[in-house]
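Novice: Have a look at this one.
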Amino acid sequence: MNEAYPSNFSMDEFNSIRSYSGKKRYALDRLNRLGEGSSRIVFQIDNEKALKLAKNPKGLAQNEVETDGYFGQMDITAEVFDYDDAHDTPYWLEMELAVPINKNRKKLESLLEISIDELGTFLMANDPKNRNGQTYAKLIPQSRMDELWEHEYVSQLIDIVGNIEMEVGDLVRPSSWGVVKRDGKLTPVLIDFGFTNNVRAHYYAR
């Protein structure tokens, strides 16, 4: 058994359980539950890793997005260490453990070094899906636009908006973010980035 796991938790045993209810019960009995939404449950494995377990097709779809190798090239998202590759879509994934920002807007702005309002306006102005992009672009001086294009975090968020098609509203929501320590520095990272337009259209739209 991997020594990084709690003494009574084994990923091999977890994976040997075939039913979702069995996996859920095993994790609940051995791990600390950090949170639960309509589609996934998040557990703490240790001081470095969290386990996201899908509850339904919506959760499977979001796990699939978050295990896309595209995100492995980014610093702005929590790192995915491992995931279920025994199925077409992953039942679970192991993600870098982060301290959630929750609703703390000021903390997120301090870490990103940009106001949420300005970030949202910039992303809307440069979202290829947004027909009103030019209207938003007029709200930010061109000199500031140029500065934001060079901003480390903002440039990566633009890539996510364009290539993964996440909604701008989700990207600027503090609850989508957490804080990790990298190279001794507190760093903001997206911890919930599986809710794309495609997932929304297929699993949430009525």
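Computed from the coordinates by the stated procedures, all read-outs in this text should not be read as laboratory data. Values in this document were obtained by computation on a predicted structure and should not be read as measured data. Cβ coordinates were reconstructed from backbone atoms using ideal geometry, including for glycine residues, and neighbour counts include every protein chain displayed.
Novice: 222 nm [θ] for the chain, helices only, -39500 (n - 2.57) per DSSP H run of 4+, per residue, to 500?
Specialist: Numbers: 9 runs with 70 residues, N = 206.
Mean residue ellipticity at 222 nm (helix-derived): -9000 deg cm²/dmol.
Novice: Here are several values of semi-axes √(5λ) of the Cα gyration tensor in Å: (1) 33, 19, 13; (2) 31, 21, 17; (3) 55, 20, 13. Which one was derived from the coordinates shown?
Specialist: This structure yields the entry labelled (1).
Novice: Mind giving me the FRET efficiency for HIS151 and GLN73? R0 is 22 Å, r the Cβ-Cβ distance, nearest 0.05 is fine. If you can, show how the numbers build up before the last one.
Specialist: Values: r = 18 Å, r/R0 = 0.80.
Working from the Cβ atoms, E equals 0.80.
Novice: Under a point spin-label approximation (7 Å from Cα along Cα-to-Cβ), what is the TYR203-LYS138 distance to one decimal in nm?
Specialist: Distance between the two pseudo-spin positions: 3.9 nm.
Novice: So, one more: Can you tell which of LEU112, MET11, ASN32 lies farthest toward the positive end of the dipole of the chain, using +1 and -1 charges on the Cβ of basic and acidic side chains (Lys, Arg; Asp, Glu)?
Specialist: About the Cα centre, the residue reaching furthest to the positive side is ASN32.
Novice: What does the extension gain come out to for GLU113 and ASN56, with contour length at 0.36 nm per residue minus their alpha carbon separation? Walk me through the numbers before you get to the answer.
Specialist: Values: separation 57, 0.36 × 57 = 20.52 nm, distance 3.67 nm.
Separation in residues times 0.36 nm, less the Cα-Cα distance, equals 16.8 nm.
Novice: Mind listing which GluC sites (Glu not before Pro) in the stretch 111-157 are in a DSSP loop and have 14 or fewer other Cβ atoms within 10 Å?
Specialist: Working: sites: GLU113, GLU118, GLU147, GLU150, GLU152; in loops: GLU113, GLU150.
Listed in order of number, the matching sites are GLU113, GLU150.
Novice: Now for a separate question. In a GNM of the chain with a 10 Å cut-off on Cα contacts, which of GLN142, GLN156, GLN62 has the highest mean-square fluctuation?
Specialist: Greatest mean-square fluctuation among the candidates belongs to GLN142.
Novice: With the crude spin-label approximation of a point 7 Å out along Cα→Cβ, what separation in nm comes out for GLU13 versus ASN104?
Specialist: 3.5 nm
Novice: Relative contact order of the chain, please, whole-number percent, based on alpha carbon pairs below 8 angstrom and at least 6 residues apart. The partial results should precede the final answer.
Specialist: On the way: 296 pairs, mean separation 37.6, N = 206.
18 percent.
Novice: GNM, the chain, Cα, under 10 Å: largest mean-square fluctuation among MET95, MET11, MET74?
Specialist: In the Gaussian network model the winner is MET11.
Novice: Between the stretch 1-57 and the stretch 126-140, how many Å separate their Cα centres?
Specialist: The two parts, judged by their Cα centres, are 42 Å apart.
Novice: Check each of the trypsin sites (Lys or Arg not before Pro) in the stretch 26-69 and keep only those in coil by DSSP with at most 16 other C-beta atoms within 10 angstrom; list them in order.
Specialist: Details: sites: ARG30, ARG33, ARG40, LYS49, LYS52, LYS55, LYS58; in loops: LYS55.
Those satisfying the criteria are LYS55.
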